[in-house]
Amino acid sequence: MGCYRDALDAIFSHINFENQTGHSYNAATFDLSRIEALLQRLGRPQERVRCIHIAGTKGKGSTAAMAESILREAGYRTGLYTSPHLHTYRERIRVQGDLIPEDALVDLVDRGRAAFEATPGISAFEITTALALLYFAEAGVDWAVIEVGLGGRFDATNVVCPAVCAITSISYDHVDLLGHTLTSIAREKAGIIKARVPVVSAPQHDEVMEVLEHTCSAAGTRLVRVGQDWTWQARCADLTGQRFTVQRTVDGWSLPELHIPLLGRHQLANATAAVALTQELAGQGDVPVSAVRAGLAATRWPGRFEILQQHPAVVLDCAHNADSAVKLRATLDEVFPGHGRLALVFGASSDKDITGMFEVFLALGSANGFNPVDKIITTRSEHPRAADPAHLAGVAQSLSPACPTSIHQDTGSALDEALAWARPDDVICVTGSVFVVASARHVWSRSQPGTFSPDDWVSFDEDA
């Protein structure tokens, strides 16, 4: 473990934008020439990896996980690159669904140290991206599914030449970096679009779709629209997941009675995008119907409307902007109709739209179709960007002075208060940050050790 820790230290001794705020998102700060130089020193592994590239504000991780699972069920050797991680850095780089082994990461870092040091200004994320591509190339993956980290145009992953790419739902997030309008954010996300590489888009706001249409036209590439070229029909849902049918509009080809273990109607759009992505590989690799069906059903993506217990219900969700808060509230009402009171255990990064999320949860303004939460408990993760719980509580109280609000400096005590408050028909929802959800999973694994399977990522929690 010491060698593995040393490898992580070697990566994160370089600038880590994930832990910082206030930097600029431009070609000077996020310069693709750095990772291109690093990859050159590592033998240009990106040229030996066939891949799918996925950008977006929300849903890109879920879509990536479902697409990878489908390809793996089709018999391909797969790689999956995602960020950030819940419990262990190893989640970011996976082959055949398995986390990169500690000794494999140590070996990659040992071989790459000289290249890192020879690349001035290289960042931890750029190093991680390069290591993932090298690992995939050396592991002989047939297809790698690559999730964009931030934006698209300047993201380190934008060095790949994919067979197909996707743009999942675009909404307001990282506005200080990507822009304060959906049009400007969409332009950054559309930066992954390349000439003659098909693009699958999730349903988008009109101004976002206009950007994608213009960019695809200029690049001479085909735009495939989920919700228009591919559609879905929800069938039924329970606590184990959702059943639905997907149809391709151009020829009426359909896949009935598909199942995903992820809850929330928005996940049906993500699943349809994953189906469209894998079917766009026709001619480059066969993806039979049986693999689509099995891959969707086998998708593993914890922390996304994850139900830890039912009475009272305890739900974890990585919602971290106002749009995802709306989807979370809708899913709570869908999954737990007629539930009792709702407690929100909330922690967020300091650069997020905290007011916008609270407006949704408190059912203010355009979110007044929901019933407001009955109790707010603010908390924080150990992440350097975590907002002060006292500040979070102040925002909530300024919006709704009558809502009972309390403050905890750690997730464990926040959960304890919520559980002591809740009656059997109540719902406790932990949200606002990937990092708070990870902390809650870790706390729960200690107090309720039978909840998670032995191979759950929480078992490898590096902050434990």
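Once the stretch 157-182 is narrowed to residues that are within 20 Å of Val326 (Cβ to Cβ) and small (Gly, Ala, Ser), the residue that is farthest from the chain's Cα centre (by Cα) is Ser171. Only residues that are surrounded by fewer than 24 Cβ atoms within 10 Å (Cβ to Cβ) and either in contact with a Pro (Cβ under 6 Å, 6 or more places away or on another chain) or part of a helix (DSSP H, G or I) (or both): list them for the stretch 179-196, please. Correct list: Leu182, Thr183, Ser184, Arg187, Glu188, Gly191.
A single entry from Leu134, Leu182 fulfils the requirement of being within 22 Å of Ala219 (Cα to Cα) and of a type outside the set (Ser, Thr, Tyr): Leu182. Any residue at all in the stretch 73-89 that's within 18 Å of Asp6 (Cβ to Cβ) and in contact (Cβ under 8 Å) with a residue 12 or more places away in the chain? Yes, some residue in the stretch 73-89 is within 18 Å of Asp6 (Cβ to Cβ) and in contact (Cβ under 8 Å) with a residue 12 or more places away in the chain.
Only one of the listed residues (Glu188, Glu207) is under 18 Å from Gly56 (Cβ atoms) and either without any contact (Cβ under 8 Å) to a residue 12 or more places away in the chain or in contact with a Gly (Cβ under 6 Å, 6 or more places away or on another chain) (or both). That residue is Glu188.
Determine whether the stretch 426-435 contains at least one residue that is more than 20 Å from the chain's Cα centre (by Cα), assigned by TED's automatic domain parsing to the domain that holds Glu334 and not in a loop (DSSP other than H, G, I, E, B). Taking every residue of the stretch 426-435 in turn, at least one turns out to be more than 20 Å from the chain's Cα centre (by Cα), assigned by TED's automatic domain parsing to the domain that holds Glu334 and not in a loop (DSSP other than H, G, I, E, B).
The sole residue among Pro449, Pro389, Pro384 that is touching a Lys or Arg at 6+ places or on another chain (Cβ under 7 Å) and either among the basic types (Lys, Arg) or outside the structural domain of Gly179 (by TED's automatic domain parsing) (or both) is Pro389.
I'd like to check something: does the stretch 336-349 contain any residue that is under 24 Å from Glu417 (Cβ atoms), in the same structural domain as His391 (by TED's automatic domain parsing), in a loop (DSSP other than H, G, I, E, B) and aromatic (Phe, Trp, Tyr)? Yes, because at least one residue in the stretch 336-349 is under 24 Å from Glu417 (Cβ atoms), in the same structural domain as His391 (by TED's automatic domain parsing), in a loop (DSSP other than H, G, I, E, B) and aromatic (Phe, Trp, Tyr). Within the stretch 377-410, being of a type in the set (S, T, N, Q) and in a loop (DSSP other than H, G, I, E, B) holds for Thr379, Ser381, Ser400, Gln409. Selection of strands (runs of 3 or more DSSP E) fully inside the stretch 31-133 by the criterion of at least 3 residues being assigned by TED's automatic domain parsing to the domain that holds Val145, in contact with a helix residue (DSSP H, G or I) (Cβ under 7 Å, 6 or more places away or on another chain) and at pLDDT 95 or above returns 51-55, 78-81. So which of Val211, Val224, Val200 ends up being in contact with a helix residue (DSSP H, G or I) (Cβ under 6 Å, 6 or more places away or on another chain), over 12 Å from Ala269 (Cα atoms) and part of a strand (DSSP E or B)? Of the residues listed, the single one that is in contact with a helix residue (DSSP H, G or I) (Cβ under 6 Å, 6 or more places away or on another chain), over 12 Å from Ala269 (Cα atoms) and part of a strand (DSSP E or B) is Val224.
Residues are listed down the side, and each one gets a yes or a no for (1) among the polar types (S, T, N, Q); (2) modelled with pLDDT under 95; (3) part of a loop (DSSP other than H, G, I, E, B):
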site: Leu277; (1), (2), (3): no, no, no
site: Asp286; (1), (2), (3): no, yes, yes
site: Arg293; (1), (2), (3): no, no, no
site: Thr299; (1), (2), (3): yes, no, yes
site: Arg304; (1), (2), (3): no, no, yes
site: Ile307; (1), (2), (3): no, no, no
site: Lys352; (1), (2), (3): no, yes, yes
site: Thr355; (1), (2), (3): yes, no, no
site: Phe358; (1), (2), (3): no, no, no
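Note on the stretch 158-177: residues that are touching a Ser or Thr at 6+ places or on another chain (Cβ under 8 Å) and assigned to a loop (DSSP other than H, G, I, E, B) total 6. Among the residues making up the stretch 262-296, a single one is without any contact (Cβ under 8 Å) to a residue 60 or more places away in the chain, over 19 Å from Arg243 (Cα atoms) and not small (Gly, Ala, Ser): Gln279.
Looking at the stretch 26-76, which of its residues are of a type in the set (Lys, Arg), touching an Asp or Glu at 6+ places or on another chain (Cβ under 9 Å) and either closer than 22 Å to Val292 by Cα or surrounded by 21 or more Cβ atoms within 10 Å (Cβ to Cβ) (or both)? Correct list: Arg50, Lys58, Lys60.
Residues are listed down the side, and each one gets a yes or a no for (1) on the phi < 0 side of the Ramachandran plot; (2) over 24 Å from the mean Cα position of the chain (by Cα); (3) not aliphatic (A, V, I, L, M):
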position	(1), (2), (3)
Asp353	yes, no, yes
Leu362	yes, yes, no
Asp374	yes, yes, yes
His383	yes, no, yes
Ala386	yes, no, no
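The values are calculated or read from the model by the stated rules, or taken from the named source; none is laboratory data. Everything quoted here is computed from the prediction, not taken from an experiment. FYI the Cβ positions are ideal-geometry reconstructions off the backbone, even for glycines, and counts take in every protein chain you see.
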